[in-house]
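Enquirer: Got a structure here, written out as structure tokens. Questions coming.
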Amino acid sequence: MSLYLVAYDLEATGLNLDCLSQKLEALGNYWRMQPSVWLVAWPGNAIGLANHLEFCLDDNDEVFVTKLTADSAWSYDNDATAWLRSNILK
């Protein structure tokens, strides 16, 4: 499985945020690194993940999905760094 970054901007956060959170959490291996930025393990490609989340989005919502590679950098605490290393550097 590859690791993907999902970032979104929702015009109305109510039900759409709950829907997105549930779909992302259901994938099992995830980290919510910022309020609207998640890292998730996904067996397909970025388009497939974006399509998986599309049900939760309105026409005025935005989502960005990209695959992460070992050529990544970050500044987080030790627990986050351990999670990132174990998931990106597989």
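Enquirer: May I ask you to list the GluC sites (Glu not before Pro) in region 8-70 that are in a DSSP loop and have at most 12 other Cβ atoms within 10 Å of their Cβ?
Expert: Glu11
Enquirer: Mark the label point 7 Å from the Cα of Phe55 along Cα→Cβ and return the residues of region 21-36 whose backbone N is within less than 17 Å of it.
Expert: 21-28, by backbone N distance to the label point.
Enquirer: Within 10 Å of each candidate Cβ there may be at most 13 other Cβ atoms; applying that plus a DSSP loop requirement, which chymotrypsin sites (Phe, Trp or Tyr not before Pro) in the chain survive?
Expert: Phe55, Trp74, Tyr76
Enquirer: Next question. Working from the alpha-carbon coordinates of the chain, get Rg over Rh, Rh being the Kirkwood radius.
Expert: Across the chain, the Cα-based Rg/Rh ratio is 0.96.
Values in this text are rule-based calculations from the coordinates and carry no lab data. No experiment lies behind these values; they were computed from the predicted model shown. Note that each Cβ is placed from the backbone with ideal geometry, even for glycine, and that neighbours are counted across all protein chains shown.
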